[in-house]
Amino acid sequence: MLGIFKSKQKTDRARILLVDDEPDIVDTIQCRLEANNFDVVTASNGQEGLERAADEKPDLILLDTNMPVMNGHEMLENMKKRPDLKNIPVIMCTALCEAQDIAAASAYGIADYVTKPFDYTDLIEKITSALENNKS
């Protein structure tokens, strides 16, 4: 079966959209998140991330900054223009750690900012906190 008629099951697990262009990082983060009971969907650039966000309506987005086609800041800018996407919490997950990089991302109202390399326990805590804050 090709999965054409595969139904989207709603579970109690939060759905995370991971947008990053580095396959090794995507694989590692996805594995860690799934081990912590999150459902994970992925995209390899901002344009694909926008499309997946619109299709999947994730509970949270982990977003890299430097990517081909459309970077993370461009994706954030586009998300904020769309009523169906503007309230999804976003955690930037990037190697950029200068004050101006953090300020630029924060201007879009992101939930948090994590620099690579990061501690996975810290990342899970930040995800959990952002999800809880978004419920209220």
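The values are calculated or read from the model by the stated rules, or taken from the named source; none is laboratory data. Just so you know, these numbers come straight off a predicted model, no measurement behind them. Every residue, glycine among them, receives a Cβ derived from its backbone with ideal geometry; neighbour counts consider all protein chains shown.
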Does Pro89 qualify as being over 19 Å from Ala14 (Cβ atoms) and either in contact with a helix residue (DSSP H, G or I) (Cβ under 7 Å, 6 or more places away or on another chain) or free of Cβ contacts under 8 Å to residues at least 24 places away in the same chain (or both)? no
Looking at Val90, is it loosely packed, with under 15 Cβ neighbours inside 10 Å and either at pLDDT 90 or above or within 10 Å of Val19 (Cβ to Cβ) (or both)? no
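Please enumerate the residues belonging to the stretch 75-86 that are touching a residue at least 12 places away in the same chain (Cβ under 8 Å) and surrounded by fewer than 16 Cβ atoms within 10 Å (Cβ to Cβ). Give the steps one after another, and end with the answer.
Applying the first criterion (touching a residue at least 12 places away in the same chain (Cβ under 8 Å)) to the stretch 75-86 yields 75-80, 82, 84-85.
Across the stretch 75-86, the qualifying residues are Glu77, Lys80, Arg82, Asp84.
Being of a type in the set (S, T, N, Q) and under 16 Å from the mean Cα position of the chain (by Cα) is the requirement here; does Thr128 meet it?
On the way: of a type in the set (S, T, N, Q): yes; under 16 Å from the mean Cα position of the chain (by Cα): yes.
In short, yes.
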Could you list, in sequence order, the residues of the stretch 52-68 that are under 23 Å from Thr115 (Cβ atoms) and either in contact (Cβ under 8 Å) with a residue 60 or more places away in the chain or surrounded by fewer than 15 Cβ atoms within 10 Å (Cβ to Cβ) (or both)? Asp59, Leu60, Leu62, Asn66, Pro68
When the stretch 41-57 is examined, which residues are found to be of a type in the set (S, T, N, Q) and over 10 Å from the mean Cα position of the chain (by Cα)? Ser44, Asn45, Gln47
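Taking Ala53, is it touching a His at 6+ places or on another chain (Cβ under 8 Å), small (Gly, Ala, Ser) and in a helix (DSSP H, G or I)? Before the answer, list the steps.
Values: touching a His at 6+ places or on another chain (Cβ under 8 Å): no; small (Gly, Ala, Ser): yes; in a helix (DSSP H, G or I): yes.
Taking the combined requirement at face value, the residue does not satisfy it.
Name the single residue that is surrounded by the fewest Cβ atoms within 10 Å (Cβ to Cβ) among those in the stretch 35-50 being part of a loop (DSSP other than H, G, I, E, B) and not hydrophobic (A, V, I, L, M, F, W, C).
Step one: filter the stretch 35-50 for residues part of a loop (DSSP other than H, G, I, E, B), giving 36-38, 44-45.
Next, only the ones that are not hydrophobic (A, V, I, L, M, F, W, C) stay: 36-37, 44-45.
On the way: Asn36: 16, Asn37: 10, Ser44: 19, Asn45: 19.
Checked the stretch 35-50; the qualifying residue surrounded by the fewest Cβ atoms within 10 Å (Cβ to Cβ) is Asn37.
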Among (1) touching a residue at least 24 places away in the same chain (Cβ under 8 Å); (2) touching a Ser or Thr at 6+ places or on another chain (Cβ under 9 Å); (3) exposed (fewer than 13 other Cβ atoms within 10 Å of the Cβ) - the single one Pro23 does not satisfy: (1)
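Tell me the helices (runs of 4 or more DSSP H) entirely within the stretch 72-136 that contain at least 2 residues that are of a type in the set (Ser, Thr, Tyr). Even if it seems obvious, please write down each step before you answer.
Numbers: elements: 72-80, 99-106, 120-135.
Those helices (runs of 4 or more DSSP H) span 120-135.
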Of (1) closer than 13 Å to Cys93 by Cα; (2) at pLDDT 95 or above, Glu34 fails just (1)
